[in-house]
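Below: one structure, written as structure tokens.
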Amino acid sequence: MVEKATISAVSEEINIKNNDQDFPQDLFKTVCELTTDGLAIIENGRFLLVNDQLLHTFLLNREDIIDTETLNFVHKDDLERAIDELRQNRKVIYELRLRRGEP
């Protein structure tokens with residue numbers, strides 16, 4: 001049985017501190033409370049913030065995924081497409097197979 005998971009990632013430069021408040025983290029927390037999708041904020045190709053659903057999907061703990069390369073989790077057969085999509089930096093949704101467990 002194949003489990004289907006929806007994972008969304010924001011891959012843009014963000015400013016973690018905004019007037020001494022953790023604005024992106026607070027916003028991320030609020031969005032995470034409203035969705036059952038796996039969500040991540042990615043900076044420079046590395047996981048910066050992830051929600052519990054994404055951790056459940058990847059079968060990992062937060063410490064195992066934060067600050068790791070996102071491409072480590074892409075299935076080897078989809079890696080070339082993922083790299084191409086990242087290079088194009090398009091605002092589109094595309095599907096890739098992902099690897100679970102240890103990166």
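The values are calculated or read from the model by the stated rules, or taken from the named source; none is laboratory data. None of the values given here were measured: they were computed from a predicted structure. In this analysis, Cβ positions are derived from the backbone assuming ideal geometry, glycine residues included, and neighbour counts consider all displayed protein chains. Areas reflect the complete protein model, heavy atoms only, side chains present, ligands, DNA and RNA absent. Shrake-Rupley method; radii C 1.70, N 1.55, O 1.52, S 1.80 Å.
Within the range 59-83, whose backbone N sits under 16 Å from a point 7 Å along Cα→Cβ of N89? Correct set: 83. Each of L59 and L34 was given a label point 7 Å from its Cα along the Cα-to-Cβ line. The distance between the two points is 3.3 nm. Residues F28, F73, ordered by accessible area of protein heavy atoms at a 1.4 angstrom probe radius and largest first, appear as F28, F73. Could you tell me whether the range 23-64 comes out rounded, prolate or oblate from its Cα gyration tensor? Rule is a ≥ b ≥ c as square roots of the eigenvalues, rounded for a/c under 1.5, then prolate if a/b exceeds b/c, otherwise oblate. The shape class here is oblate. Highest mean packing comes first when the peptides 46-54, 77-85, 34-42 are listed by Cβ atoms within 10 Å, giving 46-54, 34-42, 77-85. Near the amide H of R97, within less than 5 Å, lie the amide hydrogens of H75, all on another chain or at least 5 residues away, with H placed in the peptide plane.
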